[in-house]
Amino acid sequence: MSKSSKTPRSRPIQRDVAERAGVSSATVSYVLSGRRGRANPVSEETRVRVLDAVKELGYQSNHAARSLRRHRTDIVAVVHRPPSNPWLEELIEQLHRSAVERGCSVITVPIASRDRAETVLRVLRERFVDGAIIAPDPAIDPAQVRALAAGGLPLVAFDDTLTARRLDVVRLAQEEACRSAVCYLIEQGHRRIAYLAHDEELALDGHGVKFAAYRKALSDNGIELDPALVVPGADFRPDAYAQVQKLLRGSTPPTAIFSASDRAAINAIWAARDAGLGVPDDLAVIGVGNTKEGESVQPALTTVGTPQTDFSQVIDALWERIDDPTRSGRELLEPWRLVTRSPHD
C-alpha cells in the first residue's frame, strides 16, 4: 500500500451523507437536527433524499462530538418529585411539542427525596442538559437550585420563595391558595379536618408549603391541630384509600379532608362511598391540582390549582434563558386559586 493511500473510515461521516444526497453538509445538519422555522427551509424532496442517504450509508450522528462542538446538548429537563400527576404530564407534553420545533428533546429527572437529590442533580450540574424547568415542591433544597443557577444553568423554577436572580421564578401563591381551601371548609362548619400529606412533607417535619397552609388556617381559626388527623397518602392512590378508611373507622372521624393531591382526594371520595357516607354531606373533600379527572368524578371535586394549564409563558421563558443566559431573572405569575364545584357539576 502506497503512503498516499487512505485508510477507509470504519463509519460514515456527515460529509459522506452530503455527497450521497447531493447537498451541502449544512443541509444535512439541518435535516438531522429536526429543526423547523428556517428562513429558507429545505424542500420535502431534499429532506427525503438526505434521509435515504443516511439509511443507505448507515450513518449515525455522533451526539457527544456535536454537543462539544456546539456547547449545546439540545436536551432540556423537567425536574420533579415522583410520582407523576396530570398537571405535570401536561407541562411535559407542552414542553415536548415546543422542543420538537427547536430540534430538542425532553427528559424528566425525578427526585424522590432530598437525601437522593445530590446524586441525581449531577445531570444538571455537569450540563448534560441545556436548561431545566423545576416543577413545584421538588425534593431539592433551595440552596441547590441557587447553586445551579449561579453555575450558569438556564433554569425556570416554580417557587414562591426563591429570589429571581440568574433564573426565572414562577410564583404560584401556593400557601395562600391552600390556606383559603382549609378556611373554606371551616366556614362550612367543619372543625375536624384531616390532611392527606405527601410522604416528603412528613419527612420535613411539617415544613412543606401545603401542610404549613393547613396548620396556619387551623390556628387562625382557633382550632387545635390533631396529629391523628395528619396522615400520608397524597402520593399513591391505594395509600389514600386505606388511610381514609382508617380515619373513618376511628372513634372521632373527620368531617372533612384536605388532600395535598387530587389523586388522593378522588380516592378519599371512593373510600367514603364504600363506607356508606355521602360526599359532601357526610364528608367534604378538597384536593390540590385542578386536574381534569377531578372535574369528571362524581361529585365534582373542589380543588386548588391554576385555573387553566397553559404553560406557554413558562416554556417561552426557558427558551429565552437558554438563548441568553445572562439576562436578568424575572418573576412570572401563575397563581393558584380555590376552584369550588357543586355536587352536580
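Database remark: amide H of Ile75 closer than 5 angstrom to the amide H of Ser105, Asp130 (H placed geometrically; neighbours at sequence offset of 5 or more, or on other chains; Pro and chain starts carry no H). In the range 203-304, the ratio of gyration radius to Kirkwood radius, Rg to Rh, stands at 0.94 when only Cα atoms are counted. Label zone of Glu295 (point 7 Å out along Cα→Cβ, amide N under 18 Å): in the range 239-269 this covers 262-263, 266. Stretching Glu187 away from Leu202 to a fully extended chain increases their span by 2.7 nm, per 0.36 nm per residue minus the current alpha-carbon distance. Where does the longest stretch of the chain lie that holds no trypsin sites (Lys or Arg not before Pro) found in a DSSP loop with 11 or fewer other Cβ atoms within 10 Å? After excluding every exposed loop site, the longest remaining stretch is 39-164.
Mean separation of Cα pairs under 8 Å and 6 or more residues apart, divided by the residue count, gives the chain a relative contact order of 15 percent. With all protein chains in place and a 1.4 Å probe, the accessible surface of the chain carries 50 percent carbon and sulfur. Mind running the shape call on the range 181-247? Use the C-alpha gyration tensor, a ≥ b ≥ c as the square roots of the eigenvalues: rounded below 1.5 for a/c, prolate if a/b tops b/c, oblate otherwise. Here the range 181-247 falls in the oblate category. Per the Debye calculation on the range 105-147 with a single equal scatterer at every Cα and no solvent contribution, log₁₀ I(q)/I(0) for q = 0.15, 0.25, 0.29 Å⁻¹ amounts to -0.33, -0.98, -1.33.
Toward the positive end of the charge dipole of the range 291-337, with +1 on the Cβ of Lys and Arg and -1 on the Cβ of Asp and Glu, the farthest Cα among Pro325, Pro335, Thr309 is that of Pro335.
Listed values for the range 83-95 are Karplus-derived 3J(HN,Hα) couplings in whole Hz (6.51 cos²θ - 1.76 cosθ + 1.60, θ = phi - 60°), namely x, 6, 8, x, 4, 5, 4, 5, 4, 5, 5, 5, 5, and x replaces Gly and Pro.
How much accessible area per residue does the chain have, in Å², with a 1.4 Å probe?
51 Å²
Normalised size of the range 149-272, defined as Cα radius of gyration per 2.2 N^0.38 Å with N residues, equals 1.19.
Between Ala228 and Asp281, take the C-beta separation as r, use R0 = 22 Å, and let me know the FRET efficiency to the nearest 0.05. My answer for the efficiency is 0.40.
Hey, any idea what Rg/Rh is for the chain, computing Rh the Kirkwood way over Cα pairs? Ratio of gyration radius to Kirkwood radius for the chain: 1.12.
Given the rule -39500 (n - 2.57) for each run of at least 4 DSSP H residues, summed and divided by the residues of the chain, what is its mean residue ellipticity at 222 nm, to the nearest 500 deg cm²/dmol? Present the calculation step by step, with values, prior to reporting the outcome.
Details: 15 runs with 148 residues, N = 345.
The helix contribution divided over the chain gives -12500 deg cm²/dmol.
Between Arg114 and Val42, the distance separating the two model label sites (each 7 Å from Cα on the Cα→Cβ line) works out to 5.0 nm.
The values are calculated or read from the model by the stated rules, or taken from the named source; none is laboratory data. Given the structure is predicted, the values throughout are model-derived calculations rather than measurements. Cβ coordinates were reconstructed from backbone atoms using ideal geometry, including for glycine residues, and neighbour counts include every protein chain displayed. Just the protein is used for accessible areas: all its heavy atoms, side chains included, with ligands, DNA and RNA removed. Shrake-Rupley method; radii C 1.70, N 1.55, O 1.52, S 1.80 Å.
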